[in-house]
């Protein structure tokens, strides 16, 4: 076998979205020689599609805001299943990350006095989302990309080589993490590097590094209707599983309530929540604003009771409650689903999102320019003149790689870190809009920082990569060429997407999920026979055949965990178990790879009880909705 | 100005009913398969290949290409990512004009004739519609596309008035898709020209009230391969899928160079 191309680094970041780039900048700033490996061109990450903004309690628009309120909103949105320590760190550090981004050059919409403007968003008590029109994600990525160019030009001056300390390997896919057994623990592993291939040439490449940060994003391409881009094939989740790490909370998948349902070619494409934040309302086929019928008890006090009050809120938020169109995403998605099911949907199985009758055309064009463009250009729909037809679309996975809340390190695999959507815990059972971009920055930075710290402490005690693992990874990667013509990887992928959409989608039933697991077994067998033609150079069929392994592993985790959790909470709705159970809140489902047969094992974990000072941020009455009696704080004396 | 700009008629007041009757379209795609060498080792040559696909008129060209890849020829190679017109991966030359495949609707093209699809011009083709983007990104890096400031970093944000922020709004919309640069006849004949996209990204900082590096960037663009090579043909403005007034931005940089004032 010919010699494989090798590169040696201190920290290798896999993924070049917001979390990956922030991690890389941090690791490089800590003095690490850092590599970023990404599947697409540098700067084309899925993060660019985030429209709404970055949630951070800077209090620029409403000075009542602070990290405690942000923390509370995040926990409520996640139905108390969040790793509270992550939610705490996130709320505390998000403002610093936004200010930092601004000093790096990011463009933001401004308040009259020149500070960063903040907008309202579902589930956030105050206007909290720093934004640039509706292209905040694009600006975030561009700013981090610009920062990296700046750092590289510094290095060019210092070392004569712009890539001396930070290099981006673009259009390369990692298929395996390389590890050696960790002598310090019985079944743990230690990172030695990563194995992958160049998409252009198909040639293999090995990165030797004692620390790897996974920042590969989500899993949406396992579902038929999704707002996610092609990269979202669960790569990081699968790489972590295969290296011995665990995934938690995988049953919680967020279906964004307002994806396009018509015309067919744009099915799944997102309509940002800011359409609702800026006045857009949801109506059924009878023209009724049905969301008023779907305010759950836990939110009754926080949302308007009448259309009049909801409408007043847009101009006078201090004296009115917000309209229920701005409930957390899971509530809105379920409500739309229920309306459609009861026969009050649009001709194409959605509901109407109406902004045209609410705002003048020029205001819509000014406030929602990208949305206006997107609909006109992708679907020939003029949102200033007609309502949109929308319905739930697979948008985000709350679950992900189990990490230490402070350091982003994955237990069980020394030297492995994860940040952003690929990591689990932060958002509990449901993520609030705007909390994703802030998550990327807060935990991307932390992952880079602690990976650097780990490498520094490691000193010279690095371990060599195991040649046997490289050979195995290479054999695994070329296997589809030996299966020529056996199974079309595209057909297997389509059937996987249909299965997940139909059987493990927004409303779940025991029998259907069991059926899904049976079908996933069949698809696994077929995927193993997926064949490709041609050569390894830029061969998309081959790439998909390799991605199938990841999508199938992740889908199995989702289906198994969803079948196990017999309650409804956030992004997991069981028709056969409609209630939320305080006992189930004490359960975190962790998925790990079974040692012998490549199946997924489920383990129940108990989350750590929330610290008393954080618990004290909530009324006891509210806590009763989430916690068991034994978990509730003692009643204060003299309170009524 | 000598350029001819296609006028888009304004939309009629009454909304016409959309037609969703599927049509069969022919995509005539410029293929280049570098490993298709001749029997005596002759290098591979590009060729045209026709594919027929059934498509809804409101469907995007990208969707049709995915159908070809999935159902007819798995070797067809092109870049794509978000499919929302925001990442800027799928720029290609469709019927002779640079566009994003994900933002080009079937109904906006003449489907009675084959629709030609080629790689964007002026960059080396690696395979089918995939070109080597390195020279393009190098030009982007060469204009110092990052905020240059002096003094201490503030602990919170720098202040910027809404008016100052608005001043460079247009050029911050760039998605680095290369539609503009590879539609520029100057760039086709002179690969060293910075090209419209790099100038747009320089403009984004030159006119940012927070930035102090305007002089340096203007000097870079004052060089031989800088803004003076622009011949104001407006191809770039026409090609921009984000509606950026690219030519205007280039003119503003030229004016700043003449008057040394931003």
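Read-outs: derived from the displayed coordinates by stated rules, not from any lab. Bear in mind that the values here come from a model prediction, so they are computed numbers and not experimental data. Cβ coordinates were reconstructed from backbone atoms using ideal geometry, including for glycine residues, and neighbour counts include every protein chain displayed.
For the segment A:104-117, counting C-beta atoms of other chains within 10 Å of every residue's C-beta and taking the mean gives 5. Here the Kirkwood formula puts the hydrodynamic radius of the range A:333-437 at 17.0 Å, using every distinct Cα pair. Suppose the Debye formula is applied to equal point scatterers at every Cα of the protein assembly as shown; what is log10 I(q)/I(0) at q = 0.05 Å⁻¹? Cα-only, vacuum Debye calculation for the protein assembly as shown: -0.26. Here the relative contact order of chain B, from alpha carbon pairs under 8 Å that lie six or more residues apart, stands at 17 percent.
So what is the relative contact order of the range B:75-166, in percent, for Cα pairs below 8 Å that sit 6 or more residues apart?
Working: 83 pairs, mean separation 18.9, N = 92.
Relative contact order, the range B:75-166: 21 percent.
Remark: mean inter-chain Cβ contacts per residue of A:138-148 equal 4, using a 10 Å Cβ-Cβ cutoff to other protein chain atoms. Taking other C-beta atoms within 10 angstrom as a stand-in for reagent exposure, A:453, A:5 fall in the order A:5, A:453, fewest first. At q = 0.16, 0.17, 0.22 Å⁻¹, what base-10 log of I(q)/I(0) does the Debye formula yield for the range A:256-394 when every alpha carbon is treated as an equal point scatterer in vacuo? For the range A:256-394 at q = 0.16, 0.17, 0.22 Å⁻¹, log10 I(q)/I(0) is -0.79, -0.89, -1.43.
Rounded, prolate or oblate: pick one for the range A:122-166, where a ≥ b ≥ c are the square roots of the eigenvalues of its C-alpha gyration tensor, a/c under 1.5 means rounded, and failing that, prolate if a/b is larger than b/c, else oblate. Prolate, because a/c is 1.5 or more and a/b exceeds b/c.
Remark: B:58, A:216, A:233 ranked as B:58, A:233, A:216, counting other beta-carbon atoms within 10 Å and listing the fewest first. Over chain A, DSSP H runs of length four or greater, each weighted -39,500 (n - 2.57), average out per residue to a 222 nm ellipticity of -11000 deg cm²/dmol.
So if we plug the beta-carbon distance of residue B:150 and residue A:456 into 1/(1 + (r/R0)^6) with R0 = 35 Å, what FRET efficiency do we get, rounded to 0.05? That pair, residue B:150 with residue A:456, gives E of 0.65. Look at the stretch A:42-50: the mean tally of other chain Cβ atoms within 10 Å of its residues' Cβ atoms is 5.
Normalised by the number of residues in chain A, the mean separation of alpha-carbon contacts (under 8 Å, six or more apart) gives a relative contact order of 20 percent.
Can you sort A:229, B:75, A:63 by how many other beta carbons sit within 10 Å, fewest first? Write down the numbers at each step before the final one.
Values: A:229 25, B:75 21, A:63 9.
In order of increasing Cβ crowding within 10 Å: A:63, B:75, A:229.
Per-residue ellipticity at 222 nm, computed for chain B from helices alone with -39500 (n - 2.57) per DSSP H run of at least four residues, works out to -7000 deg cm²/dmol. Size descriptors for chain B, from the alpha-carbon set: Rg then Dmax equal 21.0, 67 Å. Seen from all directions on average, the range A:478-604 presents a Cα convex hull projection of 8.5 nm².
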